[in-house]
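Input: a single structure, listed below in structure tokens.
Each value in this text was obtained by applying a stated rule to the coordinates, not by laboratory testing. Values in this document were obtained by computation on a predicted structure and should not be read as measured data. With ideal geometry, Cβ positions are generated from the backbone for all residues, glycine too; neighbour counts draw on all protein chains shown.
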Amino acid sequence: MASINNNEDKIHLFKLNNIISGTVIKRPSSKCKSPYVADVLIENENDEIVAHAPSLGCCGYVNKDQKVLMIPHDNPKICTHVIYLANRLEKNENYLIGVHPKSAEKIVKICLQKGCIPSLQNVTNIQQEKKYLNSRFDFVCKDKDDIETIIEVKSVPCGDYVDDYDKNKKKMNFENNIWNTKIAYFPDGYRKKQTDPVSPRAIKHIQELHQLKTQEQEIRTIIIFVVQRTDCLYFQGSNVDPIYKEALNSAYDNGVEVIPIQIEWDFEGNCYFNKILDFIK
């Protein structure tokens with residue numbers, strides 16, 4: 001069962017400074033029609049601010065009436081703040097979901113430096129954004145056996161009791177399900193047709209990691225899925241995108257490592273490495 005209260009079992013990674021909370025009142029903003037911008041009412045105040053929502057849909061977690069946590073924007077022009085976390089209340093449990101996709105890269109970099117991931121302890125020569133084939137991968141390093149290791153990182157905000165289309169889930173009853181026994185899944189997002197992949201770029205990364213592993217057995221190719229929520233027990237490629245799921249499972253069967261790591265956020269902005277989740281096909 002996912003641990004949410006015992007900080008002794010977790011590894012502190014970093015803290016978001018000057019964090020404040022608020023409620024989304026309109027997205028897109030009334031001041032800017034971009035879907036990446038939202039009007040937010042600051043908690044316990046009557047001040048309305050404009051905040052950057054860094055993911056197009058944020059998987060529905062940054063919609064109207066959603067409670068969010070933000071930090072000041074580094075370059076405030078239209079937006080004074082950036083949304084990092086969504087506050088969810090379910091079955092009397094109050095928890096946070098990381099919705100900023102760039103957080104995942106920072107999380108993995110610190111995990112590599114601190115040795116949080118057992119199969120990636122004592123890595124050296126960590127480099128970022130190195131090109132192989134036709135893609136730039138997030139990290140390249142040497143593992144403890146001096147084997148070249150290529151890592152792609154994906155942020156995973158999505159999780160639910162079943163991995164299915166929303167229209168199907170609306171017909172299901174989860175009243176008796178325990179709140180922190182969900183499945184985390186990737187990807188989720190807008191498509192013109194259900195037969196289209198959510199992210200052709202994400203599929204390209206998998207295919208090229210698969211190709212690199214096939215061409216050169218003496219390297220490690222890894223996808224780290226950063227599950228930014230504590231209510232999930234497992235991770236899988238999303239049933240909503242069968243093209244991606246098939247590519248992920250095929251790559252895994254042929255030696256590409258899949259490592260889902262679970263991250264916990266608290267209301268002070270602290271980010272913790274929690275544990276490795278099981279990958280299910």
Neighbour-limited loop hits for trypsin sites (Lys or Arg not before Pro), region 122-185 (at most 15 other Cβ within 10 Å; DSSP other than H, G, I, E, B):
144, 170, 171
Can you give me the angle between helix 103-114 and the longest principal axis of the chain, using Cα atoms only, in degrees from 0 to 90, rounded to the nearest 10?
50 degrees
Could you list log10 I(q)/I(0) for region 96-144 at q = 0.18, 0.20, 0.24, 0.31 Å⁻¹, which the Debye formula gives when each Cα is one point scatterer?
-0.63, -0.74, -0.93, -1.14
Taking Cα atoms, how many degrees apart are the long axis of helix 200-215 and the longest axis of the chain, rounded to 10 and kept between 0 and 90?
20 degrees
Flagged as over-length at 22 Å C-alpha distance, from 26/67; 31/64; 33/106; 91/182; 213/281; 182/275, the pairs are 33/106
Using only the Cα atoms of region 7-98, what semi-axes does the equivalent ellipsoid have when each is the square root of 5 times a gyration tensor eigenvalue? Give whole Å, largest first.
23, 16, 13
For the chain, find the longest principal axis of its Cα atoms and tell me its angle to the long axis of helix 242-253, 0 to 90°, nearest 10.
40 degrees
Calc'd 3J(HN,Hα), region 194-199, phi into Karplus 6.51 cos²θ - 1.76 cosθ + 1.60 (θ = phi - 60°), Hz, glycine/Pro = x, comes to 5, 7, 7, x, 5, 9
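How big is the convex hull of the Cα atoms of the chain, per residue, in Å³?
Measuring per residue, one finds 145 Å³ for the Cα hull of the chain.
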State the cysteines of the chain left without a partner when partners are defined as other cysteines whose beta carbon lies under 4.7 Å away.
32, 58, 59, 79, 141, 158, 232, 271
Which order, highest average first, do 93-105, 40-52 follow once you tally other Cβ atoms within 10 Å for each residue and take the mean per peptide?
93-105, 40-52
